[in-house]
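*Asks:* Have a look at the structure that comes next, please.
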Amino acid sequence: MNGGDVTSSSAATSGPPPSLDWRFSQVFGERTAGEEVQEVDIISAIEFDKSGDHLATGDRGGRVVLFERTDTRDHGGSRRDLEQTDYAVRHPEFRYKTEFQSHEPEFDYLKSLEIEEKINKIRWCQPANGALFLLSTNDKTIKYWKVQEKKIKKISEMNIDPSKAESSSSPPQLVANGLPADKAHGYLSNDFSFPPGGIPSLRLPVVTSQETNLVARCRRVYAHAHDYHINSISNSSDGETFISADDLRVNLWNLEISNQSFNIVDVKPTNMEDLTEVITSAEFHPIHCNMLAYSSSKGSIRLIDMRQSALCDSHTKLFEEPEAPGSRSFFTEIIASISDIKFSKDGRYILSRDYMTLKLWDINMDSGPVASYQVHEHLRPRLCDLYENDSIFDKFECCLSGDGLRVATGSYSNLFRVFGASQGSTEAATLEASKNPMRRQIQTPARPSRSIGSMTRVVRRGSESPGTEANGNAYDFTTKLLHMAWHPTENSIACAAANSLYMYYA
Amino acid sequence: MAMVDEPLYPIAVLIDELKNDDIQLRLNSIRRLSTIARALGEERTRKELIPFLSENSDDDDEVLLAMAEELGVFIPFVGGIEYAHVLLPPLESLCTVEETCVREKALDSLCKIGSQMRETDLVDSFVPLVKRLAAGEWFAARVSACGIFHVAYQGCTDVLKTELRSTYSLLCQDDMPMVRRAAASNLGKFATTVESTYLIAEIMTMFDDLTKDDQDSVRLLAVEGCAALGKLLEPQDCVARILPVIVNFSQDKSWRVRYMVANQLYELCEAVGPDCTKTDLVPAYVRLLRDNEAEVRIAAAGKVTKFCRLLNPELAIQHILPCVKELSSDSSQHVRSALASVIMGMAPILGKDSTIEHLLPIFLSLLKDEFPDVRLNIISKLDQVNQVIGIDLLSQSLLPAIVELAEDRHWRVRLAIIEYVPLLASQLGIGFFDDKLGALCMQWLQDKVYSIREAAANNLKRLAEEFGPEWAMQHLVPQVLDMVNNPHYLHRMMVLRAISLMAPVMGSEITCSKFLPVVVEASKDRVPNIKFNVAKLLQSLIPIVDQSVVDKTIRQCLVDLSEDPDVDVRYFANQALNSIDGTTAAQS
């Protein structure tokens, strides 16, 4: 493998880090040729936990699947040995851990609405006592799950032989707690005197089996707090609260209290006809428990400080890019809508994704993004088609690498793009969610640009790529890569292509 | 498999069900753990049952909660105080589960046991347990540890005490905000056990760190500690160490922190003493009353009376009263409502003249508030202000407010005002009441909402108690009895309800002469509901009236009802007849 060149080039001191060489790592639920994708199997959420040792996916069928990392802690021997012997195998590898049904389809009889079971978001919470905790949500209801290994108990040494107790006529008519139905409490009342040394013939049940299995238990259900569809959940750094956001409101919850929440943002106008903007995504600051950001359908990001007031209708900072003069069209507002925002790990930057671009914002600079990355610029001539087939409303997620040096987001034809975010980096890779990610890679280096439209990046279509037509209709709008996540500490990406989970490393 | 003698059978099953698949059965068994322990004897309880329970900590939360509670009173079953330490291991493992309520119950039980343990056992087993929890890998254990330091600390050797203090200080700096929060909220409790020399040197350092924590949620809890710590310190130390922190907190960036200060300020004033209250805390309090955030103003407004009580009237008039005036026209109805619920209490503090000059305009404007809760809160405390300025001044504004509330769209508002009518009546006096409120009381009896009608009937009873039977005879009874011909059966039923409530107050004579004929007439109603309510009413009248009346009138009426075609009417009539026979039998 050419792992060696990574180390050598990183030795070169200043300047942006070198472009990454992405390689296929794993796939779960790979589609065989001609296999039809079941709607319920389509992945709708992906999330790594804080340590990066676990990965969770949610699907449209309301299931949550957990994966655990196999490569780190299981290896014997010191880290250094491993690095020396085989650099290349030291990338995250995951195995299936367990799955559970998180949400079921429901029907809201009051509003005559069907509530889909589709998992909209998953967020990991603080692990405790070796158990994993996570929040999952569909359109209306958030659930708090505990996944834990439980011993399968096998009980022996009973006082009463279960078979005899049921078959024999004496003692008859057992009710709960073994009390004979007729004299239920007589025997055990306080006047029944036990000999001082106890009764030697009684024995405690003995649990023998040490086998364990994973059990997921729903610990809390946070329901009935959202009139509109929940688009995000995010936990606070204080470890006890989280927010949930729907189209018009953001609510604050305590993890331990499921029957009340506080409304902290409400953008609902008194008259719904005045509605011009909805909340599309919200996230807590990774370090400061009082700060959170939410994005809107008009392309703005608002940072709010919960210290200022109980109902945070006025933002602390507004991040918005001024509209380029003369560029306004019917689609301007639609494509400006932000589909996802993410804070960088240190909380300094916010990454946002709108239909055409990825933008990186410094929270200390609200005049404009520090960088914009063209993702769909080549689709600009075709916005009309995209509007007609509703693709223009697709909500692509975005993610940052743990070191904040790179950003990534999805696109059509199961492609995703990775950009270098550090100063002066020209890294821009297009990869395909398949076993051969590099077959669509473009060689043209790209510079992050401040003005949209100055750079038009065309994906160079290799001749091997199927579906290429003479008129350039290579993009398949039905296969879109909406959900992806970056490993918190390593260069590893998990992304969802329909029902398959692909993992890549560099 | 052992077979058990029949007398032991229930206890044997109880033991087996500790591991039943059905959680309800496991829960039942755990709830009767003391029975199991007695059946096993002390020695086997120590050697078998307790270790068995220690292994059981992966059970459902409900079971664990019950177990934590039972173990707290388990000392007698393991052989008394000298064996109390055997109970620690199962509780220790319960202190590490992630469910808060289980941990808290386990901590309660640990504190109970720890406070009874002999000192040597405390050092040998309790202190190591605290140290193990404090060094726990998962945050749940460390959170728990914070709650039992105060038990471990007492009766420790000096070396151990030093170690415990430094361990606590580590917990105050834990990585996890949950642990720091637990350390902050338990600091006051721990401080009560710490010697005063270390209080300033060490505890206050921990406190200072916590008050500067990055996490809002930690600083919040540190505020709560201010008052508790302040009471432990000498006044001059308190002024030097606590006061600057409070003043700082009252200007914190986070409204939640300021909210906590507003809620706690009264206790904090007690801790720092009157002088500093005047110089430092009054300005802080005034700031809070004028805070940007409504939640903070609500908390501050709710304490205005308590706070003024600490000051002399001049200071209150000079500093607090201007704020109160502003708050009475605050943009938030909740602020006004909080103010309305306490402002009446300021009248006795300020005295008559100041009240009339300064407070009366505020009362009056709150009485005209557009928000019903505000008006209700004022009316509910009317007695307090009446003592100071007399009702005449108030009554002009009072009456329109009452009438408006009495006809409010929301039945809960109407209900609330009805409940204050007896209070109003006693304050306003008979004359005022007759003129203005009498008609309202009757009107409520015909309200569309049952709860209001019910409360109205009850109100009549309380008025009769307040003004006496003769007054009621004149002003209430005729109007009520008129309603018996109302075409609506629900209203006729209200007459019966009012009679049943008023009869005991009015006494035997009026009951026989006025009520009974009406009731007997009602027994011929065409609606069965009325008829069986007559039967129930007659039953309740039996103890009030003479035996002769019972025999002559009531019995006959009930006998007629007991032959009614409606099954329910017959049932209640027979019940009433039985109770007549019962009392007669008892008397004879």
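*Asks:* In 10 Å bins starting at 0, how do the alpha-carbon pair distances of the protein assembly as shown split up by percent?
*Replies:* Result returned by the calculation: 2, 8, 12, 14, 16, 17, 15, 9, 4, 2, 1, 0.
*Asks:* Tell me the net charge near residue B:337. Cut-off is 12 Å between Cβ atoms, residue B:337 excluded, with +1 for each Lys or Arg and -1 for each Asp or Glu.
*Replies:* Values: positive: B:297, B:336, B:375; negative: B:330, B:369, B:370, B:373.
Value of the local net charge: -1.
*Asks:* Here is a follow-up. Can you give the local net charge around residue A:302? Use residues other than it whose beta-carbon is closer than 12 angstrom to its beta-carbon, Lys and Arg +1, Asp and Glu -1. Show your work: numbers first, answer last.
*Replies:* Working: positive: A:298, A:317; negative: A:277, A:283, A:305, A:313, A:320, A:366.
Result for the local shell: -4.
*Asks:* Now for a separate question. Relative to the longest principal axis of chain B, what angle (0 to 90°, nearest 10) does the C-alpha long axis of helix B:489-506 take?
*Replies:* Once rounded, the angle reads 80 degrees.
*Asks:* Counting only C-alpha contacts under 8 Å and six or more residues apart, can you give the relative contact order of chain B as a whole percent?
*Replies:* Taking the mean separation of contacting Cα pairs over the length of chain B, I get 5 percent.
*Asks:* Can you run phi through the Karplus equation (6.51, -1.76, 1.60; θ = phi - 60°) for the stretch A:305-321 and list ³J(HN,Hα) in whole Hz, with x for Gly and Pro?
*Replies:* 10, 6, 6, 5, 7, 6, 10, 8, 6, 9, 7, 7, 9, 10, 10, 8, 9
*Asks:* Output ³J(HN,Hα) for the stretch B:293-305: one whole-Hz value per residue in order, computed from phi by the Karplus curve 6.51 cos²θ - 1.76 cosθ + 1.60 with θ = phi - 60°, and x for Gly and Pro.
*Replies:* Those phi angles translate into 8, 4, 4, 5, 4, 4, 4, 5, 4, x, 9, 4, 5 Hz.
*Asks:* What ranking of A:264, B:200 emerges when the number of other C-beta atoms within 10 Å of each C-beta is taken as an exposure proxy, fewest first?
*Replies:* Ordered from fewest to most neighbouring Cβ atoms within 10 Å, A:264, B:200 come out as B:200, A:264.
*Asks:* Further question on the same structure: Reachable lysines from residue B:161, Cα under 29 Å, same-chain residues fewer than 8 places away excluded?
*Replies:* By straight Cα distance, residue B:161 reaches B:105, B:112, B:131, B:189, B:212, B:231.
*Asks:* Run down the lysines and flag those whose C-alpha is under 21 Å from the C-alpha of residue B:381, throwing out any fewer than 8 positions away in its chain.
*Replies:* Hits, sequence-local ones excluded: B:303, B:306, B:325, B:352, B:368, B:436.
*Asks:* Compute the relative contact order of the stretch B:442-588 as a whole-number percentage, counting only Cα pairs closer than 8 Å that sit 6 or more residues apart in sequence.
*Replies:* Relative contact order here is 18 percent.
*Asks:* Where does the charge balance sit around residue B:370 when Lys and Arg score +1, Asp and Glu -1, over other residues with C-beta under 11 Å from its C-beta? Could you put the intermediate results ahead of the total?
*Replies:* Working: positive: B:336, B:368, B:375; negative: B:369, B:373, B:404.
Every neighbour counted, the sum reads 0.
*Asks:* Any chance you could give the angle, 0 to 90 degrees and rounded to 10, that helix B:411-428 forms with the longest Cα principal axis of chain B?
*Replies:* Long axis of B:411-428 versus the principal axis of chain B: about 80 degrees.
*Asks:* Another question, if that's okay. Considering amide H positions built from the backbone, and no H for Pro or chain starts, which residues 5 or more places from residue A:199, or on another chain, come under 5 Å of its amide H?
*Replies:* B:40, B:41
*Asks:* 5 Å is the cut-off here: which amide hydrogens, built 1.01 Å from N in the peptide plane, fall below it relative to residue B:525, excluding neighbours closer than 5 in sequence?
*Replies:* When sequence neighbours closer than 5 places are left aside, there are no close amide H contacts.
*Asks:* Could you work out, residue by residue across A:149-160, how many beta carbons of other chains sit within 10 Å of that residue's beta carbon, and then give the average as an integer? It would help to have the intermediate numbers written out before the result.
*Replies:* Working: counts 1, 2, 2, 0, 3, 1, 5, 1, 3, 9, 12, 10.
Partner Cβ neighbours, averaged per residue: 4.
*Asks:* With a ≥ b ≥ c the root eigenvalues of the C-alpha gyration tensor of the stretch B:1-141, is it rounded (a/c under 1.5), prolate (a/b larger than b/c) or oblate? Please report the intermediate quantities before stating the final value.
*Replies:* Values: a/c = 2.40, a/b = 1.42, b/c = 1.69.
In terms of gyration-tensor shape, oblate.
*Asks:* Using amide H atoms built 1.01 Å from N in the peptide plane, name the residues 5+ places from residue A:236, or on other chains, whose amide H lies under 5 Å from its own.
*Replies:* Answer set, sorted by chain and number: A:241, A:242, A:243.
*Asks:* Another one. Identify, among A:311, A:287, A:276, the residue whose Cα sits farthest towards the positive end of the charge dipole of the stretch A:222-325, taking +1 on the Cβ of Lys and Arg and -1 on the Cβ of Asp and Glu, with the dipole about the Cα centre.
*Replies:* Toward the positive end, the furthest listed residue is A:287.
*Asks:* Averaged across B:11-24, how many Cβ atoms of other chains sit within 10 Å of each residue's Cβ atom?
*Replies:* 6
*Asks:* Does anyone have the angle between helix B:177-193 and the longest principal axis of chain B? Alpha-carbon axes, 0 to 90°, nearest 10?
*Replies:* For helix B:177-193, the angle is close to 90 degrees.
*Asks:* A follow-up question, please. Quick one: what are the phi-derived ³J(HN,Hα) couplings along the stretch A:286-296, Karplus 6.51/-1.76/1.60 with θ = phi - 60°, whole Hz, x for glycine and proline?
*Replies:* x, 10, 8, 6, 9, 10, 8, 10, 9, 10, 10
*Asks:* Continuing with this model, one more query. Other chains' Cβ within 10 Å of A:303-315 residues: what's the mean?
*Replies:* 3
*Asks:* For q = 0.06, 0.11, 0.12 Å⁻¹, what log10 I(q)/I(0) does chain B give under the Debye formula with an equal point scatterer on each alpha carbon and no solvent?
*Replies:* -0.57, -1.01, -1.03
*Asks:* If you put +1 on each Lys and Arg Cβ and -1 on each Asp and Glu Cβ, how big is the dipole of chain B around its Cα centre, in Debye rounded to 20?
*Replies:* With Lys and Arg at +1 and Asp and Glu at -1, about 1400 debye.
*Asks:* Okay, helix-only estimate at 222 nm for the protein assembly as shown: each DSSP H run of n ≥ 4 adds -39500 (n - 2.57), divide by all residues, round to 500 deg cm²/dmol; what do you get?
*Replies:* -11000 deg cm²/dmol
No value in this document is a laboratory result; all are computed from the given coordinates. Bear in mind the structure is a predicted one, so any value in this text is a computation, not a measurement. All Cβ positions, even for glycine, are placed from backbone atoms using ideal geometry, and neighbour counts span all protein chains on display.
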